[in-house]
Structures are given as structure tokens and as C-alpha cells.
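**Q** Take a look at this one; I'll ask things after.
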Amino acid sequence: MENVWNARLPRINEPAPDFTAKTTHGPRSLQDYRGKWLLLFSHPADFTPVCTTEFLAFAAAYERFRQLGCELLGLSIDSIYSHLAWIRNIKEKFGVDIPFAIIDDLSMRIAHDYGMIQPGASDTSAVRATFFIDPEGKVRAMVYYPMTNGRSVEEFLRLLEALQTSDRHGVATPEGWRPGEKVMVPPPATAKDAEARAKAGHEYTDWYFCKAEIAKLAPKKKKRGTR
């Protein structure tokens with residue numbers, strides 16, 4: 001267990017660990033999602049109350065994720081039969097169909113590869129880990145929650161749109177940003193540009209802190225890592 005835990009974990013802007021697995025929708029691999037965004041998320045166990053609330057929320061938001069070109073893929077260290085029984089129970093008790101696949105990870109291999117098993121929380125259950133994987137198969141964001149507290153699906157939708165906006169326009173987004181709001185203009189790279197920033201027509205606070213409407217920015221190539 002210790003050697004596995006000490007293995008290299010996923011890093012932002014690096015390729016996501018590859019996998020092939022059984023799921024409730026048949027065999028799935030990371031390559032099946034190439035060209036799309038993927039939200040891969042783990043939960044501690046089937047038939048648990050907090051996990052059920054999360055799955056209800058993910059199901060309710062499923063079409064919104066798909067409209068953004070993003071698929072959902074769940075995972076827990078439970079068998080395919082446990083997953084199937086749970087989603088049938090959710091349908092019976094809550095009247096909700098779970099439209100996305102859930103990975104059977106009894107071997108815990110995928111969970112370990114993605115750092116979903118954290119000994120400080122549990123040696124036998126995955127914490128609430130969430131990975132945003134882009135169409136090129138790279139990890140773009142990672143979010144970890146403790147086993148006791150449910151995640152915000154609305155925040156994941158917001159973050160997905162923010163990531164896509166940064167990719168399209170080469171900008172950063174401020175705290176709590178939502179589509180239609182102003183974005184952060186990348187800081188100038190030279191002293192000359194810094195001097196000219198006040199006259200650039202942006203919402204100017206200082207040379208390093210400017211906001212602008214996306215429509216008023218010049219087209220930019222895809223850029224990552226703006227802070």
C-alpha cells in the first residue's frame with residue numbers, strides 16, 4: 001500500500017493516467033473520451049447518503065455538461081453489480097435515471113493512479129476526488145473533498161466554462177467568474193507594455209490588474225497558465 005501511495009500522482013497540464021475498465025455502460029478507456037472534455041469523479045461507496053445526493057445532482061446537470069462538450073464518468077471501489085443495484089435503487093426511490101457510466105474499480109488500480117485513495121481518510125475507500133480532463137487527455141484541474149461533505153456540481157460547471165474560456169481567449173478569470181462577466185487581461189510582459197497599459201482601453205486599476213469584456217479583446221491563440 002505504501003509503495004503505491006508514494007507513486008507519482010497526476011499533475012495539472014500533464015497527461016491523465018491511462019485506464020481501461022468495466023463500467024455500467026460496458027468497457028471504457030480514457031481514449032474513448034479523446035476529443036471531448038471528461039469529468040472523472042470518485043465517491044466513497046454505493047448506497048451511502050451523501051454520494052446519493054451527488055449522483056442526483058450530476059444526473060440533473062448531465063445535459064448541461066454535454067452541451068459544453070463534457071462527459072461524466074463516476075468511480076468507486078465497488079463491483080459492477082453493486083453499481084447496478086444502486087442506480088436501480090436511485091431510480092426506484094427518487095425517480096431519477098443515472099445517465100453516465102460508473103467504473104468498477106475493485107482492484108483499486110485506477111483509484112491509486114489518480115490519488116483517490118488517501119490513507120489519512122481511508123485505506124479502502126476513495127475520497128471525493130474530481131478530475132477535469134481536456135480533449136487532449138491532459139489533467140486541467142483537480143478538486144478533492146473529504147468523505148463527509150458533498151461537492152458542488154454547480155461549481156464544476158462554472159469551472160468547466162472558465163477553463164474553456166481561458167483556452168479560447170488566452171485570458172484568466174477572476175474569483176467566482178461566470179459567462180458574460182469581465183475577464184482578467186494577461187499582465188504585460190515588458191516595461192513598455194506596462195507603461196501603455198493605462199491607455200489600452202481596459203477597466204484599469206493598475207498595470208498588472210485590468211479587466212475587460214471578452215468581445216473587446218483582440219483574438220488570441222490558445223494559452224494556458226495565465227495567472
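Values quoted throughout were computed directly from the atomic coordinates according to the rules given, and no laboratory measurement underlies them. All of these numbers come straight from a predicted model, not from anything done at the bench. A quick note on method: Cβ atoms are made from the backbone with ideal geometry, for glycine too, and the neighbour counts reach across all protein chains shown.
**Q** Assuming R0 = 30 Å, what is the FRET efficiency of Glu155 and Ser79, from their Cβ-Cβ distance, to the nearest 0.05?
**A** Using R0 = 30 Å, I get an efficiency of 0.50.
**Q** Another one. Residues of the range 90-104 with the amide nitrogen closer than 19 Å to a label point 7 Å from the Cα of Glu63, along Cα-to-Cβ, please.
**A** Those under the cut-off are 91, 95-101.
**Q** Ok, one more. At R0 = 25 Å, how high is the FRET efficiency between Thr190 and Ile12 if r is their beta carbon distance? Nearest 0.05 is fine.
**A** Values: r = 27 Å, r/R0 = 1.09.
For Thr190 and Ile12, the calculated efficiency is 0.35.
**Q** Follow-up. Multiplying the sequence separation of Ala215 and Leu106 by 0.36 nm and subtracting their Cα-Cα distance, what value in nm do you get?
**A** Details: separation 109, 0.36 × 109 = 39.24 nm, distance 4.86 nm.
Difference between extended and current length: 34.4 nm.
**Q** Same structure again: Let me test this: with uniform point scatterers at the alpha carbons of the range 76-178, what is the Debye-based log₁₀ I(q)/I(0) at q = 0.15 1/Å?
**A** Values returned for q = 0.15 Å⁻¹ are -0.83.
**Q** A further question follows. Name the shape class, rounded, prolate or oblate, that the alpha-carbon gyration tensor gives for the range 170-216, where a ≥ b ≥ c are the square roots of its eigenvalues, rounded holds for a/c under 1.5, and otherwise prolate holds if a/b is larger than b/c and oblate otherwise.
**A** Prolate, because a/c is 1.5 or more and a/b exceeds b/c.
**Q** Taking the chain as a Gaussian network, where each spring joins two C-alpha atoms under 10 Å apart, which residue of Leu217, Leu75, Leu163 fluctuates the most?
**A** Leu217
**Q** Something else now. Go through Lys36/Lys93; Lys138/Lys192; Lys91/Lys138; Lys138/Lys211; Lys22/Lys138; Lys36/Lys199 and tell me which ones have a Cα-Cα distance over 30 Å in this structure.
**A** Those over the limit are Lys36/Lys93; Lys138/Lys192; Lys91/Lys138; Lys36/Lys199.
**Q** GNM, the chain, Cα, under 10 Å: largest mean-square fluctuation among Phe156, Phe209, Phe55?
**A** Maximum among the listed residues: Phe209.
**Q** Based on DSSP H runs of at least 4 residues, each adding -39500 (n - 2.57), what is the mean residue ellipticity at 222 nm of the chain after dividing by all its residues, to the nearest 500 deg cm²/dmol?
**A** Values: 7 runs with 65 residues, N = 227.
Rounded to the nearest 500, the figure is -8000 deg cm²/dmol.
**Q** When the convex hull of the C-alpha atoms of the chain is computed, what volume per residue in Å³ does it have?
**A** Residue-normalised Cα hull volume stands at 140 Å³.
**Q** Using 0.36 nm times the number of residues separating Leu56 and Asp97, minus their current alpha carbon distance, what extension gain do you get?
**A** Answer, rounded to one decimal: 13.9 nm.
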